[in-house]
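One structure below.
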Amino acid sequence: MEREIINIPRITIRSGIACQTPDPTSSYVHENDPAVSVMTDFRVVNPITIEPNVSIDVALNKMKTLGVRLLLVTDAEDHIAGVITSYDIQGEKPVKYSEEHGISHDRINVAMLTVSLESIPAFDFAFIQQSLVRHVVTTFAELERPHALVIEFDKTSGRPSVRGMFSSTQISKLLGRSVYTPLHAGHSLADIQHEMEHPSI
């Protein structure tokens, strides 16, 4: 017969005892786990957005503060118009834009470097629900960007919305090994160094 607990008895401890830490392997996922286990689900985690008229320096600082590499760019109706990444800001794009349009770096805003949704790899959430992590890894090897969006279609209206996203860096962290993407081959040395020094989302 189990004893009824009224209160929890205290114990005596002394200074100098060890403190447990998380098992680094306990958070790993496996290639045969559901694909959604490596997806950032915007029904669970709030999407991080930015307005198009904000300067790219402010956008980059926001990324650093929040520990992310991608921001969803909103339009006048607060819908998603595209994305901007730390690669876009810290790579060669601002330099080329400045030279081609004759403006200084500090006048470049998010809209000028935004990558349109049409240029971002995207997957149907219904298909992702049937897929495994290894399918995502294989697919990322064929992508030209380190991020992909997941789109969910409303069952009644068929209207699409951004349900979540995949990040090759995040998948690498969860798998405990690097996930190859051809985008690295096209990065400048500054881009590659940034990724090595800031292995976040």
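In table form, for the structure just shown:
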{"quantity": "Any hit, segment 21-32, residues being in contact (Cβ under 8 Å) with a residue 24 or more places away in the chain, at positive phi and not aliphatic (A, V, I, L, M)", "calculated": "no"}
{"quantity": "Residue within segment 86-106 that is touching a strand residue (DSSP E or B) at 6+ places or on another chain (Cβ under 8 Å), surrounded by 11 or more Cβ atoms within 10 Å (Cβ to Cβ) and not in a loop (DSSP other than H, G, I, E, B) present", "calculated": "yes"}
{"quantity": "Top-ranked residue of segment 107-157 - restricted to ones that are of a type in the set (D, E, K, R) and assigned to a strand (DSSP E or B), ranked as surrounded by the fewest Cβ atoms within 10 Å (Cβ to Cβ)", "calculated": "Asp124"}
{"quantity": "Qualifying residue in segment 35-51 (condition: under 25 Å from Ile128 (Cα atoms), loosely packed, with under 10 Cβ neighbours inside 10 Å and basic (Lys, Arg))", "calculated": "yes"}
{"quantity": "Filter result for the condition that a residue is without any contact (Cβ under 8 Å) to a residue 60 or more places away in the chain, touching a helix residue (DSSP H, G or I) at 6+ places or on another chain (Cβ under 9 Å) and not β-branched (Val, Ile, Thr), over Pro9, Pro94", "calculated": "Pro94"}
{"quantity": "Criterion violated by Pro47 - all others in (1) of a type outside the set (Lys, Arg); (2) closer than 29 Å to Phe127 by Cβ; (3) part of a helix (DSSP H, G or I) satisfied", "calculated": "(3)"}
{"quantity": "Residue within segment 58-81 that is modelled with pLDDT of 95 or more, out of contact with any His (no Cβ under 6 Å at 6 or more places or on another chain), of a type outside the set (Val, Ile, Thr) and part of a loop (DSSP other than H, G, I, E, B) present", "calculated": "no"}
{"quantity": "Lone qualifier among Ala18, Ala59, Ala35 - being farther than 30 Å from Pro94 by Cα and without any contact (Cβ under 8 Å) to a residue 60 or more places away in the chain", "calculated": "Ala18"}
{"quantity": "Matching residues, segment 117-176, being of a type in the set (D, E, K, R) and within 16 Å of the chain's Cα centre (by Cα)", "calculated": "Glu144, Arg145, Arg163, Lys173"}
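The values are calculated or read from the model by the stated rules, or taken from the named source; none is laboratory data. Everything quoted here is computed from the prediction, not taken from an experiment. In this analysis, Cβ positions are derived from the backbone assuming ideal geometry, glycine residues included, and neighbour counts consider all displayed protein chains.
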